[in-house]
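Just so it is clear, none of the values below were taken in a lab; they were calculated from the coordinates. Values in this document were obtained by computation on a predicted structure and should not be read as measured data. Every residue, glycine as well, gets a Cβ built from its backbone with ideal geometry; the counts of neighbours run over all protein chains shown.
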Amino acid sequence: MLKKEKILLIDPEETVRGVTSSVLKHYAVFPVESSESGLHQLSHEPFDLVLINLPLHQTHSFYLRLREFYKDLPCILLIPFHDLEAVVGLLKTGLCSFVLKPFTQQEMLNIVEESLKKVRLLNENVRFKLLMPLFEMTQSLSVRPKLEDVCSQILNLMIRENGSDFVSFSYQNSLSRQIFHEIKTTPSGNREGLLAFVAWIEKKFSGLENSLLITELENENPDVADRMRSNHCSSLMIYPLISKTHLMGFLICGKVSRNHYFTGNDNELFSIVGNQIAMMLENDSLIEDLEGAHFESLKALASAIEAKDAYTSGHCDRLVEYAIIIAEKLNLSTLERKMLKYGAALHDIGKIGIKDSILGKPGKLTPEEYEEMKRHPKIGSDILQNINFLRQVAPIIYHHQECFDGSGYPGGLSGEEIPVSSRIVAILDTFDAMTTDRPYRKALPVQRAIDELIKYSGKQFDPHLVRAFIEVVEETGLIQ
């Protein structure tokens with residue numbers, strides 16, 4: 001069943017209100033007796049059209065107030081013929097039509113339907129204009145871009161399409177616990193104090209389940225109206241980004257100009273956008289959950305390979321710990337951090353294809369055995385190349401035995417030709433090997449291991465990354 005279009009009828013005569021409502025029985029008509037009642041009704045719910053049948057002086061003042069608060073809301077003036085010249089200025093705005101009194105029932109129906117038809121076309125154009133970039137954003141999300149990029153697209157979309165003076169987008173990833181919170185403002189938007197204001201709004205409406213439109217005229221939540229006024233905010237739209245199990249975050253749009261308020265149509269489109277964003281984020285979270293489970297399976301496999309040698313047990317777990325901390329130090333992006341973490345955990349997974357007799361040999365490898373061992377980066381890379389979400393990790397695994405001066409394997413790359421994550425893993429791998437017991441020697445003291453990293457900087461290791469790692473060790477007391 002189609003939802004009836006809503007018409008606000010403002011007429012001081014109860015009898016006329018009844019007759020007009022009867023004529024327009026196929027629409028959802030809300031009759032009120034005064035301009036003040038009309039404004040109150042408009043502040044609480046959206047309407048598609050306003051019918052105004054007031055004395056001339058009231059019509060003029062009310063229409064100007066209507067345009068101030070709801071500049072795009074169409075209306076129809078019911079006026080006597082002798083007042084037509086006096087309201088011609090209002091008619092020139094193009095946002096209102098008129099019916100001359102007295103009028104027939106059919107004349108009323110025709111003008112209402114014509115006005116609503118224009119509203120429908122306008123809404124469809126606006127909806128298409130708004131949802132087209134959202135569709136494009138949905139398409140881009142299917143290839144898993146960085147969440148920071150998605151966040152930026154959302155903020156720009158809302159600023160551009162619904163005339164917001166500020167937009168806030170917050171999201172907490174349930175798996176990684178990472179929190180994204182960004183606020184964008186237009187030149188007329190005042191960023192000062194917005195963070196605290198938005199945080200208060202999110203806490204206040206933490207139990208919200210649907211989109212909410214609020215103006216500074218709000219009566220049901222006077223504390224909210226007070227906060228809005230103190231932050232120069234005239235109108236708010238709030239959408240809770242809810243998954244099937246929990247609240248993921250909020251999308252909030254605000255206006256600061258008292259001459260502009262969000263309309264019911266704005267809120268309807270805002271709800272559509274918010275719903276699409278919530279679905280995208282939940283789908284992305286589900287994909288990440290699946291990836292996490294798959295990664296843990298591979299990590300368990302890598303640990304099983306380690307378990308063949310008691311001396312390397314826990315090696316991958318320690319490398320992951322080091323990787324997380326140095327990624328923070330180097331201010332890597334979210335995607336780079338994830339790929340480094342995966343690379344550190346799985347760097348030796350290719351050893352699954354190496355003979356146990358070579359992996360567990362306590363003494364020095366023969367030249368033939370060493371050549372066999374050198375195959376493990378390629379074997380590991382080939383394994384990950386066939387797993388879609390780990391495909392970007394494959395080059396990290398393949399090149400983690402390269403040397404900064406080009407003397408490593410398998411590609412003989414040098415300097416920045418080597419992927420940065422491979423250069424990091426090389427340092428972490430060597431450092432952990434030096435600071436743990438091996439069959440042929442006891443663990444080296446941390447300072448001795450650091451001295452070795454410095455000694456081979458520029459040869460085996462990237463000097464810049466060595467300095468960063470040493471700073472991490474000194475700052476965090478990572479290794480006791």
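Quick notes on this one:
- Neighbour net charge for VAL32 - beta-carbon separation under 14 angstrom, K R +1, D E -1: -4
- Under 15 Å, Cβ to Cβ, from GLY18 - net charge with Lys/Arg +1 and Asp/Glu -1: -2
- Region 6-120, relative contact order in percent, only Cα pairs under 8 angstrom and at least six apart counted: 24 percent
- Counting Lys and Arg as +1 and Asp and Glu as -1 over every other residue whose Cβ lies under 13 Å from the Cβ of PRO445, the net charge comes to 0.
- Förster radius 51 Å - calculated FRET efficiency between ASN221 and GLU471, Cβ distance, rounded to 0.05: 0.55
- Site pair LYS329 and LEU301 shows an inter-label distance of 3.1 nm when each label is modelled 7 Å from Cα along Cα→Cβ.
- Above-threshold pairs, the threshold being 22 Å between Cα atoms, out of LYS4/LYS101; LYS341/LYS378; LYS4/LYS25; LYS341/LYS455; LYS204/LYS255; LYS299/LYS341: LYS4/LYS101; LYS341/LYS455
- Other-chain or far-sequence residues with amide H under 5 Å of THR435's (modelled H): LEU444
- For ALA443 and LYS455, the difference between the fully extended length at 0.36 nm per residue and the C-alpha to C-alpha distance is 2.5 nm.
- Put simply, when 11-20, 47-56 are sorted by average Cβ atoms within 10 angstrom per residue, most first, you get 47-56, 11-20.
- Relative packing of 378-385, 288-295, 357-364, 60-67, which averages over residues the other C-beta atoms within 10 Å, highest first: 378-385, 60-67, 288-295, 357-364
- For GLU402, the residues whose modelled amide H falls within less than 5 Å of its own, excluding neighbours fewer than 5 places apart on the same chain, are TYR409.
- Point-to-point label distance, LEU208-GLU417, nm (Cα→Cβ direction, 7 Å offset): 5.6 nm
- Here the simple spin-label model places points 7 Å from the Cα toward Cβ, and for ASN275 and TRP200 these points are separated by 3.2 nm.
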